[in-house]
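Visitor: Dumping the structure here so I can ask a few things about it.
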Amino acid sequence: MDIAHTTDEARPWSGRALLALPLWQFFVVIAGGILLTTLWEGFARWPDDLVIPMKEWITRFFEWLGKEAAIGSYSFKDFTRAISDLLSYPLEWTEALLYRGIKPLGLPPIPWVAVVLGTAILGHWIGGWRLALFVGASMLYLSIFGLWKDSMRTLSIVLVAVPIAAAIGLFLGIRVTRSKRAAAIITPMFDLMQATPHMAYLVPVVVLFGFGQVPAMLATVIFAMPPMARCAILGIQTVPQDVIESGRMSGCTPRQLLWKVQLPTSKKTLMLGLNQVVMQTLAMVVIASLVGASGLGQKLLFSLQQLRLGAAVEQGLAIVLIAVVLDRLTQAYAYRETIHYSATTSFFQRHKHLLLFLFILIVTFIAANFHKELAILPKKMTFTLGREIDFAVREFSKNAYDYIGPVRDFITVSILLPIRDFYLWLPWPVLVGCIAVAGYRLGGFPVMTLTASLMLAIMLFGFWEPAMLTIYLVFSAVVICILIGVPIGVLASRSERIAKVTMTICDTLQTFPSFIYLIPVIMLFKVGDLSNIIAILAYATVPAVRYTYLGLKRVPEVLKEAAIANGCTPRQKFWKVEMPFAIPEIMLGVNQTIMMALAMTAITALIGSRDLGQEIYRALPTADTGRGLLAGLGIAAIGIIADRLISAWATKKKKNLGIE
Amino acid sequence: MSDQVQISCRNVWKVFGPDPAGFMKRHGGQPTTEALASEGYIGAVQDVSFDVGAGEILIVMGLSGSGKSTLIRCITRLNDPTTGEIDFEGNNILTAKPKELIELRRHKMGMVFQNFGLLPHRSVLSNVAFPLEIQGIDRRERNKRAKEMIELVGLGGREDYFPRELSGGQQQRVGIARSLAVEPDVWFLDEPFSALDPLIRTEMQDEFIRLQQLLKKTIVFITHDFEEATRLADRIGIMKDGRLVQLSTPEQMVLHPANDYVAEFARNAPRDRIISVKAIMEPAAQNTPTDHPVTGTDRIGAAAERVLTADHPVLVIDHEGLPVGQVDRHAMTKALFGAV
């Protein structure tokens, strides 16, 4: 605080605020913690018999909820069943339209030709020819590679889950903006929900709703809803004051103000929220294959488990294409400006896209009655490169593994394992103490209490070891992410051309569901700690790049000119002017990287690990709710600890720099 | 201008802080500047009283942070004043229920905003028709009235444009048309031209004068531009630190500023276009020559040449040609360049 002020005047960034924290406090904590272990073994490792059996309590509670809980004559089970039934109707209808066909009426599903062309027409309507071509080709891929049915299964859940999640999110977002009490309850809940990995949602859902499409969809809806709510809050709160006042002065009732002024004015933000809902939904649907949701995710899971990498690549590509198609369509729609037609434009001109689609739909429907291959492409007409890819991968590993293998083993044995052992050795009073000291110095008493008690809770509920393994994986990966990501971000900020390429790659990488990143990692490195770390790297480096770039871009031109005028060399300008200014932003990027890395550790459980992610994964088939849920919350807790410390630091920095 | 009072403000306070009402009560409704500062309260509007006559243009002027925008928001109840009384056409607006307030805004008040406050997703026509739409007027009728307003502000032919396709000046014309669509009795303008380029600003001021000659509304107009105020106002109220420092005609303000603060504003005012001959004349002497007299209601700028080139006092006459006084070079020079 006072220290930060005095030292920061000279060189306001340099991490000195952190260094200038009285380091002796940390020394005292560390030395004290290690000393304590000599007094009582429980300070080195918390004894198992002192663990609070929260796991068992939660598991038993959910068992009771699923089997016995009742209000009057209505059991909780009736309630969950009612929800299932309610959700299964729209899902069945969508599935019937997309791939099953409407059996009672003897109608085929919408012919794939119509879906491909329809998507292209939609693309043209929203974003012109290039988008049309891209989305059309992507959909075509799904059909000719024989992935149509699975794709449509996956898409069905997305199409039904998105409107539900968006509607609930919008509703909650509106509540938050209108009532302080709702905000106080809902906002922290969203924080927790967004820090909790996908898989943790699946456990309680399985216990209460069983396996299958509908439970998967339910978990998806819950998981995908917070971003919509956040965007709704942001959108409504950032409507310009003038616009609100003009609405009020026009005599709007509160309801009219919301629906006719606030929501339409924040359309862009709301649409970006919808975009995020769509992307989260897709990511979750893929993961939900773990609870028996059939579709592309499940096929991919099987392929990975059987190491049929060729098939996995094709299925993975299908998921990626669907993700990019959905992303580009929703984004383009968000940024699309309403066009004004002159009064003379005819009805046909105005609705040419819709009319064309209807025409194609009718023609193909009729044609599909005579030529079945128009409805769904028969297997013998599809196409696969699976065997060729398998062969290539095998050949590659045979030859390359001689080189990759030793490198992997060297890194694992000489670098990773010692680090891991260090984390496992670390006595808990040391870590909790250091977190407390950092929390206090950076954010005062509230931050200290929150972060330290979260860490303590992880230990008391018996998750210390998997949590330490998670921290080990995540922080090893994050260090490398920073080493790779920050220089790329710096490079991008130096040249418009590099920036354009880098940002396009970043945007694209961010649309991929995390699951996908496992495919190349398994192909190249097989399983093990290094593979986990590389999968995390692939997924989580993007924010480090992006925030570095943005932070450096945001340095005011005047500052740079002043630096040059003062006679800085380019190197001095960079280190003494630009970096100091950009550091808080870069740290927020690191924060994001940690969040994404944590989310990814849960996924890497699929390729073997011993961390919290694995705890969730193991809890799934045994319906061990307490274990799965708490492990998920444990990951969330680690995320929240990192987030609170870093945000506190960045906020302080920004304030000292006079940004914001 | 008639003598009928349209809006009447009495001892209006708007205080920001943790507990404004309690704070005002503790200080008997008249807290001192020291009390505000020491307890961490901000007096955005402090003890302001004034009347606006029907058909009058009252301009409230002050620097940013002087409380003028808060004041206009108190009158329209976009903000609720902490204490005081505001009568709108004889009814206390501070006790109006939400429903009554909505009715008042739907029929009696129109407001123009500094940053236009247009709805970006609606066309010009639909923006102007918006206040009518939310009253539930059917589409044909409201579009007809909106079109008339758009014609009135000179945007005919751009009904289908979206705000982002218009220049700032055009956007504000839309804002003006929208505020007039409900045919309000009182027209509030909150720095309507401040966001515009100087040239456009003058053009829009002319437009404003033209509209007011047609419509003859009661107007409360906020600006931080003294020249704009002197150009458009019947009376000007100057605000500083939440208080109304002086309320008078532009001419009085230039000739008799209430304090140094007002004088500072008035110093650069175009005196030749503000001060009338009448204000600086003295009683006519018996021997004043009667050739080429000047008219009393003329601004001194128009009479300056005649007076300054004559080597004797010039006779001042009224509209019927009757002599009402005389003015000499000395008085003219003093009026033109200010008392030194």
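Visitor: Determine whether region B:40-55 contains at least one residue that is in the same structural domain as residue B:245 (by TED's automatic domain parsing) and over 27 Å from residue B:248 (Cα atoms).
Guide: yes
Visitor: Please go through (1) more than 9 Å from chain A (Cβ to nearest Cβ); (2) buried (at least 17 other Cβ atoms within 10 Å of the Cβ) for residue B:110 and return the number of the only condition it doesn't satisfy.
Guide: Here residue B:110 clears every test but (1).
Visitor: Just to be sure, is residue B:115 farther than 14 Å from residue B:188 by Cβ and either at the interface with chain A (Cβ under 10 Å from one of its Cβ atoms) or part of a loop (DSSP other than H, G, I, E, B) (or both)?
Guide: Considered against the rule, which asks whether it is farther than 14 Å from residue B:188 by Cβ and either at the interface with chain A (Cβ under 10 Å from one of its Cβ atoms) or part of a loop (DSSP other than H, G, I, E, B) (or both), residue B:115 comes out as yes.
Visitor: Same structure again: So which residues in region B:137-156 are within 14 Å of chain A (Cβ to nearest Cβ) and aliphatic (A, V, I, L, M)?
Guide: If the condition is that a residue be within 14 Å of chain A (Cβ to nearest Cβ) and aliphatic (A, V, I, L, M), then B:137, B:146, B:149 are the ones that fit.
Visitor: Within region A:217-310, which helices (runs of 4 or more DSSP H) (wholly inside it) include 2 or more residues that are in contact (Cβ under 8 Å) with a residue 60 or more places away in the chain and more than 14 Å from chain B (Cβ to nearest Cβ)?
Guide: The helices (runs of 4 or more DSSP H) meeting that bar are A:267-287, A:296-305.
Visitor: Name every residue in region B:54-69 that is more than 12 Å from the chain's Cα centre (by Cα) and farther than 14 Å from residue B:238 by Cα, in order of residue number.
Guide: B:54
Visitor: Considering A:630, A:620, which residue is farther than 24 Å from residue A:479 by Cα and surrounded by 23 or more Cβ atoms within 10 Å (Cβ to Cβ)?
Guide: When all the criteria are applied, what remains is A:630.
Visitor: Could you tell me which residue of region B:157-178 is nearest to residue A:248 (Cα to Cα), considering only residues that are within 14 Å of chain A (Cβ to nearest Cβ) and in a loop (DSSP other than H, G, I, E, B)?
Guide: B:162
Visitor: Check residue A:201 against each of (1) over 21 Å from the mean Cα position of the chain (by Cα); (2) closer than 25 Å to residue A:618 by Cβ and name the one condition it does not meet.
Guide: Of everything listed in (1) over 21 Å from the mean Cα position of the chain (by Cα); (2) closer than 25 Å to residue A:618 by Cβ, residue A:201 misses just condition (1).
Visitor: How many residues does region A:237-280 hold that are buried (at least 23 other Cβ atoms within 10 Å of the Cβ) and of a type in the set (Val, Ile, Thr)?
Guide: 4
Visitor: Let me ask something additional. Wholly within region A:1-100, which helices (runs of 4 or more DSSP H) include no fewer than the required count, namely at least 2 residues that are modelled with pLDDT of 75 or more?
Guide: Counting at least 2 such residues, we get A:23-39, A:54-67, A:76-95.
Visitor: Next question. Would you check which residues across region B:314-332 are surrounded by 15 or more Cβ atoms within 10 Å (Cβ to Cβ) and part of a loop (DSSP other than H, G, I, E, B) and list them?
Guide: Result: B:328, single match.
Visitor: Do we find a residue being within 13 Å of chain A (Cβ to nearest Cβ), surrounded by fewer than 19 Cβ atoms within 10 Å (Cβ to Cβ) and under 21 Å from residue B:12 (Cα atoms) anywhere in region B:120-135?
Guide: No, there is no match, as no residue in region B:120-135 is within 13 Å of chain A (Cβ to nearest Cβ), surrounded by fewer than 19 Cβ atoms within 10 Å (Cβ to Cβ) and under 21 Å from residue B:12 (Cα atoms).
Each row is one residue, and each column tells you yes or no for (1) over 30 Å from residue A:144 (Cα atoms); (2) surrounded by fewer than 19 Cβ atoms within 10 Å (Cβ to Cβ); (3) touching a residue at least 40 places away in the same chain (Cβ under 8 Å).
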position: A:363; (1), (2), (3): no, yes, no
position: A:373; (1), (2), (3): no, yes, no
position: A:380; (1), (2), (3): no, yes, no
position: A:390; (1), (2), (3): no, yes, yes
position: A:403; (1), (2), (3): yes, yes, no
position: A:415; (1), (2), (3): yes, yes, no
position: A:418; (1), (2), (3): yes, yes, no
position: A:436; (1), (2), (3): yes, no, yes
position: A:442; (1), (2), (3): yes, no, yes
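Visitor: Another question, if that's okay. For region A:291-336, which residues satisfy the criterion of being modelled with pLDDT of 85 or more, over 27 Å from residue A:123 (Cβ atoms) and of a type in the set (S, T, N, Q)?
Guide: A:294, A:298, A:303
The values are calculated or read from the model by the stated rules, or taken from the named source; none is laboratory data. All figures in this text were calculated on a predicted structure; none of them were measured in a lab. In this analysis, Cβ positions are derived from the backbone assuming ideal geometry, glycine residues included, and neighbour counts consider all displayed protein chains.
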